[in-house]
1. Within the range B:144-296, what percent of beta bridges assigned by DSSP are antiparallel, to the nearest 5?
2. Keeping every protein chain in place, order A:K111, B:K41 by accessible area at 1.4 Å, biggest value first, i.e. largest first.
3. Where does chain B land at 222 nm, in deg cm²/dmol rounded to the nearest 500, when only DSSP H runs of n ≥ 4 count, each adding -39500 (n - 2.57), divided by all residues?
4. Restricting to Cα pairs below 8 Å that are 6+ residues apart, what does the relative contact order work out to for chain B? Please round to a whole percent.
5. B:L36 accessible area, nearest 10 Å², 1.4 Å probe?
6. Going by alpha carbons, how many degrees (0 to 90, nearest 10) lie between the helix axis of B:164-180 and the longest principal axis of chain B?
7. Which of B:R241, B:R386, B:R352 ends up with the largest GNM mean-square fluctuation for chain B, with Cα atoms connected below 10 Å?
8. I'd like the projected area of the range B:257-297, averaged over all directions, using the convex hull of its alpha carbons. Report it in nm² with one decimal.
Amino acid sequence: MTTVATVSEGTDNPYALSHLDSLESEAVHIFREVAGEFERPVILFSGGKDSILMLHLALKAFAPAPVPFALLHVDTGHNFPEVLEYRDRTVAEHGLRLHVASVQEYIDAGKLRERPDGTRNPLQTVPLTEAIQQHRFDAVFGGGRRDEEKARAKERVFSLRDEFSQWDPRRQRPELWQLYNGRHAPGEHVRVFPISNWTELDVWQYIEREGIELPEIYFAHEREVFNRSGMWLTAGDWGGPKEGERVETRQVRYRTVGDMSCTGAVDSDATTLAAVITEIAASRLTERGATRADDKMSEAAMEDRKREGYF
Amino acid sequence: MTTFTRHAEQLSTTTLLRFATAGSVDDGKSTLVGRLLHDSKSVLTDQLEAVEHASRNRGQEAPDLALLTDGLRAEREQGITIDVAYRYFATPRRRFILADTPGHVQYTRNMVTGASTAELAVVLVDARNGVVEQTRRHAAVAALLRVPHVVLAVNKMDLVDYAEPVFAAIAEEFTAYAASLGVPEITAIPISALAGDNVVEPSAHMDWYGGPTVLEHLETVPVSHDLTACHARFPVQYVIRPQTAEHPDYRGYAGQIAAGAFRVGEAVTVLPSGRTSTIAGIDALGESVDIAWAPQSVTIRLADDIDVSRGDLIAPADDAPAVTQDVEATVCHVADQPLAVGQRVLLKHTTRTVKAIVKDIPSRLTLDDLSQHPAPGRLVANDIGRVVVRTAEPLALDAYADSRRTGSFLLIDPADGTTLTAGMAGQAFAAAATGEEAATDDPEWDF
């Protein structure tokens with residue numbers, strides 16, 4: 001006997017939600033759960049597309065009331081000026097509160113030391129975790145997605161962190177149905193990832209659908225860059241180019257926004273959202289593989305940083 | 001072989017299917033997952049290079065595709081999958097979230113976790129071995145969790161000469177077993193994950209099979225239920241009160257519709273208080289609508305100014321669930337610390353968390369043969385059993401059979417917040433839709 005299902009096209013059902021509507025509904029549910037269960041949540045906001053998406057979802061989740069969370073930016077001191085400008089404009093536009101944890105201040109105070117390779121991404125962990133303790137944040141929203149990296153694929157939507165902000169992948173709570181367990185002891189907090197189930201393409205399609213404004217660096221533009229270890233880095237006061245590295249003007253755009261010292265640009269002609277989506281759909285590289293130096297340090301670089309308290 | 005080109009305009013209207021895989025280590029689950037990811041162009045060059053690099057470092061000649069899915073240091077060191085991972089891939093017709101669950105016997109909790117959000121489960125069987133204990137265990141978990149669609153993938157058909165009788169016998173045995181547990185829909189597909197038969201492309205070796213390939217089935221299986229058959233349920237998550245000059249009197253109840261549909265003008269009851277009102281408006285994330293349905297996140301406004309807060313349930317006035325403080329349920333114990341009779345716990349049901357006490361553990365189930373062990377006294381990790389819980393406050397609880405969302409709950413350790421147990425209210429297995437004896441009439445199933 002062969003049992004064959006009676007099948008019908010999924011889209012024939014008028015009550016089937018599109019995949020973007022499903023993801024949006026799930027993310028909004030997560031934002032509201034945190035608002036209902038926690039005392040002092042905060043949204044990590046870098047001015048990158050994932051945190052911009054999160055803020056947009058939070059605005060929709062609580063409309064017509066304001067977003068009941070503050071923002072926290074961990075400023076590496078090597079940020080793209082266009083991104084900082086975007087950050088401040090967005091905060092003013094929506095009447096939000098912004099906390100800034102500054103890596104530069106930690107270096108100036110002698111509490112952190114510059115790394116020989118000049119990369120400041122790993123240095124974010126200490127200012128981040130101290131800001132969480134100082135402000136007594138009990139839930140910290142991050143824009144991490146499970147499709148980004150293999151250690152992130154193992155991350156829960158609600159991720160309990162101890163008083164040192166550490167992630168223990170072997171002691172994670174099973175996540176069943178849509179029942180998120182946010183119980184934590186004083187001093188502990190929960191990292192919350194509302195867009196866990198989104199892919200890079202989902203993020204771009206949603207940004208296009210909703211008409212969300214992004215910093216200009218996401219679109220193709222002429223830029224002075226130089227090549228280091230196969231990546232196009234933006235020339236600037238942060239420490240490039242060094243001797244032997246040659247600056248040239250190329251038409252590029254960014255797929256992620258991070259510290260200038262470790263975020264590479266990609267050659268691109270995509271000046272519109274539609275063109276960016278077409279380019280990503282055809283790309284044979286993941287966004288991190290293409291443009292992030294810090295993930296290539298070792299096979300478990302992300303897992304190791306997450307264990308220490310990184311997002 | 002078909003290569004999928006991801007066209008944005010096609011993707012924008014596609015739906016999302018969440019599914020889970022279940023299978024023992026040697027059944028070829030990794031190969032099947034690898035082939036679905038690979039053939040849908042979801043494994044990108046840098047990920048494949050990383051796997052090739054890591055495989056070479058280990059002295060392996062061919063790239064080990066399991067390294068794609070084993071993301072943790074400990075998993076790669078030991079060569080086993082410890083934890084559920086979620087994978088994402090897409091075809092022009094649909095987008096998929098795959099809960100990739102470890103196959104080890106002791107990790108029942110992981111399959112329960114993966115199946116809790118799945119609308120479809122793929123159970124893998126080795127064609128040479130047929131239906132074994134592990135297959136029955138997977139079918140039982142899928143039945144307990146009420147996963148709407150089950151696919152039996154009879155793998156390694158290349159090793160049994162692609163013989164129809166081999167497949168037919170396995171399909172028949174499995175279908176009869178799963179149907180007796182109340183699995184509503186079973187699709188059996190003969191495949192070879194290694195050779196690629198009937199995974200993405202129809203097999204050239206099995207003309208006798210006229211059904212869909214695995215991917216074709218995943219792309220076309222319906223993802224939402226008949227709304228008219230569902231009891232509408234809306235757990236209140238959060239009260240939105242802007243109190244601004246622009247919206248001085250706005251008071252909306254935010255939440256995700258758990259089941260069914262709600263319409264403006266509908267008479268509703270708020271539980272557990274039992275107060276009634278009418279839906280004055282529904283705001284669907286910025287847009288005012290006349291009707292909204294599961295699983296949309298919306299904000300409902302009521303005509304009357306009554307006391308409603310987080311943890312309450314809004315339901316149609318003529319179709320509201322009873323409230324109760326005595327919960328009888330089937331549970332899967334997911335924590336390393338045991339659950340014992342007399343234990344004080346927290347019970348989290350939809351948006352409501354209440355104190356509770358475990359009054360009784362009448363039985364523990366052996367998944368291998370579905371036999372019951374009476375009065376075990378306690379449950380340990382990966383045990384499935386019946387429990388009776390008394391709650392400090394009344395709950396508007398449905399049977400899990402009627403609503404996965406409002407019939408499910410967690411038991412939590414109040415001391416350290418550990419998630420102890422996943423609960424499903426009501427009877428364990430569904431009655432078979434057809435067949436001579438309904439499963440519930442058989443005391444063997446009603447443990």
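1. DSSP beta bridges in the range B:144-296 are roughly 70 percent antiparallel.
2. A:K111, B:K41
3. Values: 9 runs with 83 residues, N = 447.
Computed ellipticity for chain B at 222 nm equals -5500 deg cm²/dmol.
4. 12
5. Estimated to the nearest 10 Å², B:L36 gives 10 Å².
6. Orientation of helix B:164-180: about 20 degrees from the principal axis.
7. Fluctuation is largest for B:R241.
8. With every direction weighted equally, the projected area is 3.0 nm².
The values are calculated or read from the model by the stated rules, or taken from the named source; none is laboratory data. All of these numbers come straight from a predicted model, not from anything done at the bench. Here Cβ is always computed from backbone atoms with ideal geometry, including for glycine, and neighbour counts include all displayed protein chains. Keep in mind that these areas ignore ligands, DNA and RNA; they rest on the heavy atoms of the full protein, side chains included. Shrake-Rupley method; radii C 1.70, N 1.55, O 1.52, S 1.80 Å.
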